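Notes to accompany the following structure.
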Amino acid sequence: MTVIVLSGPIGAGKSSLTSILAEHLGTQAFYEGVDNNPVLPLYYQDMKRYTFLLNIYLLNHRLAQINQAIKEKNSVSDRSIYEDALFFKMNAENSVADPTEFKIYDSLLKNMLEDTPGNPSKKPDLLIYIHVSLDTMLNRIKKRGRSYEQISTDPSLKDYYSRLINYYEPWYESYNASPKMSIDGDQFDFILDETAKKEVLKQIDDKLLTIGNL
């Protein structure tokens, strides 16, 4: 059994690579379901008010996905449960969210992910991080057209996205819950460029062989 999770900032191409990789490996794909998230539009309207609610909603959703994924022989998910704490931490450290709420959430998350005797591990076998620059991130956000994400709708979001990019790099470097690898989303446009897609899939196959999961 191989459980793979994708990670990376908004607009990195996680859902697209999930589809590509699931087809390539013949595995089950699991998606975040952003369009069906009733809290996300509220969060963009008032982050200070809705950060805690959003993260609790996502925690419940991701745990349900993990429980389903570990029942499958192989699976690929388009978002890592570990990233939600990154968003929450960023908001708490920038006075957007309550630090006490973040501590409660972070403790809850760690308790839920702790390995316990007799139960399958909730940790993935491989985390794939898609690194993108702010310009690439903004271009992809603009192209997919969700109104509440657009800088044209709310210019202050550019600062939010810029902070997010700065939080992701140290988060990836410190991540140690599973084997990991990084994909250069600026260099390899795996969504539109067939050659780039083949190179990215080769990199992932090589990593899976290295860790003994292919």
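The values are calculated or read from the model by the stated rules, or taken from the named source; none is laboratory data. The model shown is predicted, which means the values in this text are computed figures rather than measured ones. Virtual Cβ from ideal backbone geometry, glycine too; neighbours counted across all protein chains shown.
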Review point. Taking the stated definitions as given, is residue 66 β-branched (Val, Ile, Thr), surrounded by fewer than 20 Cβ atoms within 10 Å (Cβ to Cβ) and over 22 Å from residue 162 (Cα atoms)?
Key: no
Point to revise | Criterion: hydrophobic (A, V, I, L, M, F, W, C) and within 30 Å of residue 213 (Cβ to Cβ) - qualifying residue of 134, 138, 157, 127 | key: 127
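Is one or more of the residues making up the range 163-182 farther than 30 Å from residue 96 by Cβ and outside any helix (DSSP H, G or I)? It would help to see each step written out before you state the result.
First, pick out the residues of the range 163-182 that are farther than 30 Å from residue 96 by Cβ: 179, 181.
Narrowing further to those that are outside any helix (DSSP H, G or I): 179, 181.
Yes, because at least one residue in the range 163-182 is farther than 30 Å from residue 96 by Cβ and outside any helix (DSSP H, G or I).
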Check your understanding: Has the range 2-20 got any residue that is touching an Asp or Glu at 6+ places or on another chain (Cβ under 9 Å), at pLDDT below 90, surrounded by 15 or more Cβ atoms within 10 Å (Cβ to Cβ) and of a type in the set (Ser, Thr, Tyr)?
Key -> yes
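The rows are residues; the columns are (1) small (Gly, Ala, Ser); (2) under 18 Å from the mean Cα position of the chain (by Cα).
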position: 14; (1), (2): no, yes
position: 21; (1), (2): no, yes
position: 29; (1), (2): yes, yes
position: 44; (1), (2): no, yes
position: 47; (1), (2): no, no
position: 52; (1), (2): no, yes
position: 65; (1), (2): no, yes
Practice item. Say whether the condition of being within 15 Å of residue 2 (Cβ to Cβ), among the basic types (Lys, Arg) and either in contact (Cβ under 8 Å) with a residue 60 or more places away in the chain or in contact with an Asp or Glu (Cβ under 6 Å, 6 or more places away or on another chain) (or both) is met by at least one residue in the range 186-201. Key: no
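Could you list all residues from the range 138-160 that are surrounded by 15 or more Cβ atoms within 10 Å (Cβ to Cβ) and over 28 Å from residue 64 (Cβ atoms)? Before you say what the answer is, go through the steps one by one.
If we filter the range 138-160 for residues that are surrounded by 15 or more Cβ atoms within 10 Å (Cβ to Cβ), which is where we start, we get 138, 140-141, 146, 149-151, 157, 160.
138, 150, 151, 157 - these are the residues of the range 138-160 that are surrounded by 15 or more Cβ atoms within 10 Å (Cβ to Cβ) and over 28 Å from residue 64 (Cβ atoms).
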Check your understanding: Do any residues in the range 54-70 that are without any contact (Cβ under 8 Å) to a residue 24 or more places away in the chain have Cβ atoms under 8 Å from those of residues that are part of a helix (DSSP H, G or I), where the two are at least six apart or on different chains, and which pairs are they?
Key -> 54/40; 54/42; 54/43; 62/84
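Could you list all residues from the range 102-138 that are assigned to a helix (DSSP H, G or I) and touching a residue at least 12 places away in the same chain (Cβ under 8 Å)?
The first filter runs over the range 102-138 and keeps only residues assigned to a helix (DSSP H, G or I), leaving 102-113, 134-138.
102, 105, 106, 108, 109, 112, 113, 134, 136, 137, 138, listed by residue number.
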